[in-house]
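Q: Sharing a structure, written as structure tokens. Questions coming.
The values are calculated or read from the model by the stated rules, or taken from the named source; none is laboratory data. Bear in mind that the values here come from a model prediction, so they are computed numbers and not experimental data. Note that we place each Cβ from the backbone using ideal geometry, even for glycine, and neighbour counts take in every protein chain shown. Just so you know, the surface numbers come from the protein's heavy atoms only, side chains and all, with ligands and any DNA or RNA stripped out. Shrake-Rupley method; radii C 1.70, N 1.55, O 1.52, S 1.80 Å.
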Amino acid sequence: MTSPDAPPARGSAHLAAVLRERVYGGITCLSTLLVLAGRLREPLVPWAAVLDLVIATGGIWAASLFAEYVSHLALHDVDGERVDLRSLLRASGQILEAAVLPGLVLVAGALGGIPFSVAVWTSVWLLVAEMGLFALLAVRRTRLPWWKQLLLVVALVALGLGVILLKMA
């Protein structure tokens, strides 16, 4: 691990990792929410559904963190002591961050603040909007012409909508 005073990694490779993990997290969370939405016709225990989201998101986060750590060790031929753990956590943390707002909406539903079915579908659409917003913030940092930036944002939102269509078919 690097020293605590080391500056955070801000290179293009790190930015690519952050973007990649955010997309993985968003799609994982969206898929889990859609499985829950498909089960709304059955008796569904709201807190069990919240736990499903936590387990799915936590599982993909742990797998990503471990894979990134092992690949970093292999690529840079370093021992575990010199890995910049903060950089790895920043990138993989995007998976967890993608699930925060939808998770909070599910918790509100589990607490009875809103009907749970409304909470699930609100979480689905919130996540698609979140994916679009994150894509917009990410492409602003590029030198792409405006129409290519727009195309990338639309493509990520379309990916989210495609997942919804596939899961609901």
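Q: Answer with yes or no whether residue 89 is under 12 Å from the mean Cα position of the chain (by Cα), open to solvent by 20 Å² or more (accessible area, probe 1.4 Å), over 13 Å from residue 120 (Cβ atoms) and aliphatic (A, V, I, L, M).
A: Numbers: under 12 Å from the mean Cα position of the chain (by Cα): no; open to solvent by 20 Å² or more (accessible area, probe 1.4 Å): yes; over 13 Å from residue 120 (Cβ atoms): yes; aliphatic (A, V, I, L, M): yes.
So residue 89 does not fit the description; no.
Q: Given the structure, is residue 73 closer than 15 Å to residue 30 by Cα and at pLDDT below 95? Give the steps one after another, and end with the answer.
A: Working: closer than 15 Å to residue 30 by Cα: no; at pLDDT below 95: yes.
Criteria not met by residue 73.
Q: Which residues, counting only those in segment 42-59, are in a helix (DSSP H, G or I), open to solvent by less than 60 Å² (accessible area, probe 1.4 Å) and aliphatic (A, V, I, L, M)?
A: 48, 49, 50, 53, 56
Q: Something else: Taking the options 98, 49, 110, name whichever one is under 19 Å from residue 161 (Cα atoms) and among the hydrophobic types (A, V, I, L, M, F, W, C). Don't jump to the end; show me each part of the working.
A: Values: 49 fails: under 19 Å from residue 161 (Cα atoms); 110 fails: under 19 Å from residue 161 (Cα atoms).
On inspection, the qualifying residue turns out to be 98.
Q: Identify all residues within segment 130-150 that are surrounded by 13 or more Cβ atoms within 10 Å (Cβ to Cβ) and either over 20 Å from the mean Cα position of the chain (by Cα) or in contact (Cβ under 8 Å) with a residue 24 or more places away in the chain (or both); write none if there are none.
A: Matches in segment 130-150: 130, 131, 132, 134, 138, 144, 149, 150.
Q: Also, I was wondering about something else. Being open to solvent by 10 Å² or more (accessible area, probe 1.4 Å), over 14 Å from the mean Cα position of the chain (by Cα) and touching a residue at least 12 places away in the same chain (Cβ under 8 Å) is the filter here; which residues of segment 111-129 pass it?
A: If the condition is that a residue be open to solvent by 10 Å² or more (accessible area, probe 1.4 Å), over 14 Å from the mean Cα position of the chain (by Cα) and touching a residue at least 12 places away in the same chain (Cβ under 8 Å), then 116, 117, 121, 122 are the ones that fit.
Q: Can you tell me which residue is nearest to residue 118 (Cα to Cα) among those in segment 18-36 that are open to solvent by 10 Å² or more (accessible area, probe 1.4 Å) and among the aliphatic types (A, V, I, L, M)?
A: So, considering only residues that are open to solvent by 10 Å² or more (accessible area, probe 1.4 Å) and among the aliphatic types (A, V, I, L, M), the one nearest to residue 118 (Cα to Cα) is 35.
Q: When you scan segment 36-48, do you find a residue that is closer than 20 Å to residue 22 by Cα and either touching a His at 6+ places or on another chain (Cβ under 8 Å) or not small (Gly, Ala, Ser) (or both), even just one?
A: As a first pass, look at segment 36-48 and keep what is closer than 20 Å to residue 22 by Cα: none.
Checked segment 36-48: no residue is closer than 20 Å to residue 22 by Cα and either touching a His at 6+ places or on another chain (Cβ under 8 Å) or not small (Gly, Ala, Ser) (or both).
Q: Shifting gears a bit: (1) touching a helix residue (DSSP H, G or I) at 6+ places or on another chain (Cβ under 8 Å); (2) modelled with pLDDT of 95 or more: which one isn't true of residue 112, the others all being true?
A: Unmet condition: (1).
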